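Below you'll find the structure, written out as structure tokens, and then a few comments.
The values are calculated or read from the model by the stated rules, or taken from the named source; none is laboratory data. Here the structure is a predicted model, which is why all the values come from computation and not from measurement. Cβ atoms come from the backbone with ideal geometry, glycine included; neighbour counts cover every protein chain shown. When the accessible area is computed, the model is the full protein with side chains, heavy atoms only, and any ligands, DNA or RNA have been set aside. Shrake-Rupley method; radii C 1.70, N 1.55, O 1.52, S 1.80 Å.
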Amino acid sequence: MEIVLREEYIKLGQALKAVHLVSSGVEAKMVIQDGEVLVNGTVEYQRGKKLYDGDVVTFAGETIRIVK
């Protein structure tokens, strides 16, 4: 799965919604706060974490690559 950046970055919560792994910002907030989301192999707790070209998000068995 890939997200092609239109801006310099995308926020983590927005990225999860963009690929339909969560249905809402509230759901994104919950799974992130519960420690279920990895960014570049490390658990990430900030919904507003900025993702840039080359970052990799892992959640629910899915891998999302951020590309420019």
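Looking at Val67, Val4, Val43, which is the one that is surrounded by fewer than 17 Cβ atoms within 10 Å (Cβ to Cβ), free of Cβ contacts under 8 Å to residues at least 12 places away in the same chain and not hydroxyl-bearing (Ser, Thr, Tyr)?
On the way: Val67 fails: free of Cβ contacts under 8 Å to residues at least 12 places away in the same chain; Val4 fails: free of Cβ contacts under 8 Å to residues at least 12 places away in the same chain.
After applying the criteria, what remains is Val43.
Quick check on the stretch 42-59. Is at least one of its residues among the small types (Gly, Ala, Ser) and at negative phi? Break it down into steps so the answer makes sense when it comes.
Start the filter on the stretch 42-59 by keeping residues that are among the small types (Gly, Ala, Ser), which leaves 48, 54.
If we keep only those that are at negative phi too, we end up with 48.
Within the stretch 42-59, one or more residues are among the small types (Gly, Ala, Ser) and at negative phi.
Which residue pairs have Cβ atoms under 8 Å apart, sit 6 or more places apart or on different chains, and have a first residue in the stretch 24-37 that is over 17 Å from Glu62 (Cα atoms) and a second that is assigned to a helix (DSSP H, G or I) and open to solvent by 40 Å² or more (accessible area, probe 1.4 Å)?
Partner pairs satisfying both residue conditions: Ser24/Lys17; Gly25/Lys17.
I'd like the full set of residues that are open to solvent by less than 50 Å² (accessible area, probe 1.4 Å) and within 11 Å of the chain's Cα centre (by Cα), limited to the stretch 29-40. Spell out the reasoning first.
Step one: filter the stretch 29-40 for residues open to solvent by less than 50 Å² (accessible area, probe 1.4 Å), giving 31-32, 35, 37, 39.
Within the stretch 29-40, Val31, Ile32, Val37, Val39 qualify.
Within the stretch 7-28, work out how many residues are open to solvent by 90 Å² or more (accessible area, probe 1.4 Å) and either more than 23 Å from Lys68 (Cβ to Cβ) or of a type in the set (A, V, I, L, M) (or both).
Selection size over the stretch 7-28: 2.
Considering only residues that are polar (S, T, N, Q) and out of contact with any helix residue (DSSP H, G or I) (no Cβ under 9 Å at 6 or more places or on another chain), which ones fall in the stretch 35-68?
Within the stretch 35-68, the subset polar (S, T, N, Q) is 40, 42, 46, 58, 63.
Once the filter is applied, which keeps residues that are polar (S, T, N, Q) and out of contact with any helix residue (DSSP H, G or I) (no Cβ under 9 Å at 6 or more places or on another chain), the stretch 35-68 yields Asn40, Thr42, Thr58, Thr63.
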